[in-house]
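Student: Structure in structure tokens, see below.
The values are calculated or read from the model by the stated rules, or taken from the named source; none is laboratory data. Not measured: the values here are computed from a predicted model. Don't worry about glycine lacking a Cβ; one is built from the backbone with ideal geometry, like all the others, and counts go over all protein chains shown. Surface areas here come from the heavy atoms of the whole protein model, side chains and all, with no ligands, DNA or RNA. Shrake-Rupley method; radii C 1.70, N 1.55, O 1.52, S 1.80 Å.
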Amino acid sequence: MFDTLPMPPLSEWQALLAVQAGAAATLTGLVFVAVSINLARIVDTPGLSGRAAETILHFLQVFFVCTATLIPRQTMAALAVEILAVALLSWTMQVTTQIRYAKSRAGHPLVWLIIRIAQTQLASVPFIVAALFLLLGWPAGLFWLVPGFVFSFVAGVANAWVLLIEIVR
């Protein structure tokens, strides 16, 4: 039933989605530069290579969700599956790096791990909620993308700060 429901017109969303995708792509590139500047320190410090990966994933999930949403004439179910796949893949990869970090965080405060876990949940869960609402045929689920964008950017920028600035202290 839901696989044939067309998406409502997304013309009002196009500017927001295009800006989010552009910002996410730009920030992804800047993270690659930050990582290359501090590569030796990142590789030598337990948990930071995982944090770099999490940072890139925060930005890429925004980019891919926006890109999927901008595909014209797809059904709500197709969009829901695309968003769900991006969010679950990003979430799974981030949780995997956090589990590795939790096992090897020798001497690092527990609060560092808690912050990383909270960032991942706040960034990915809104996309999952949006996808589930769309699967149920509720186009208002699109509004759940906005907190996903905001929390992904906040988490990504906070992590980028650690990779670029805090690492040299």
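Student: Among the candidates ALA118, ALA80, ALA85, which residue alone is open to solvent by 40 Å² or more (accessible area, probe 1.4 Å), closer than 27 Å to SER11 by Cβ, under 17 Å from the mean Cα position of the chain (by Cα) and of a type in the set (Gly, Ala, Ser)?
Tutor: Of ALA118, ALA80, ALA85, the one residue that is open to solvent by 40 Å² or more (accessible area, probe 1.4 Å), closer than 27 Å to SER11 by Cβ, under 17 Å from the mean Cα position of the chain (by Cα) and of a type in the set (Gly, Ala, Ser) is ALA85.
Student: Please specify each residue of the range 88-109 satisfying the condition of being assigned to a helix (DSSP H, G or I), out of contact with any helix residue (DSSP H, G or I) (no Cβ under 9 Å at 6 or more places or on another chain) and open to solvent by 80 Å² or more (accessible area, probe 1.4 Å).
Tutor: Selection gives ILE99, LYS103.
Student: So which pairs qualify, if the first residue must be in the range 150-169 and in contact (Cβ under 8 Å) with a residue 60 or more places away in the chain, the second must be among the acidic types (Asp, Glu), the Cβ gap must be under 9 Å, and the two must be at least 6 apart or on different chains?
Tutor: Note: pairs meeting the criteria are ALA155/GLU54; GLY156/GLU54; ASN159/GLU54.
Student: Scan the range 56-74 for residues that are farther than 19 Å from GLY156 by Cα and open to solvent by less than 40 Å² (accessible area, probe 1.4 Å) and jot them down.
Tutor: Hits for the range 56-74 are ALA68, THR69, GLN74.
Student: Sticking with this one: Would you check if THR45 is modelled with pLDDT of 95 or more, under 20 Å from VAL162 (Cβ atoms) and surrounded by 13 or more Cβ atoms within 10 Å (Cβ to Cβ)? Even if it seems obvious, please write down each step before you answer.
Tutor: Details: modelled with pLDDT of 95 or more: no; under 20 Å from VAL162 (Cβ atoms): yes; surrounded by 13 or more Cβ atoms within 10 Å (Cβ to Cβ): yes.
No: the conditions fail for THR45.
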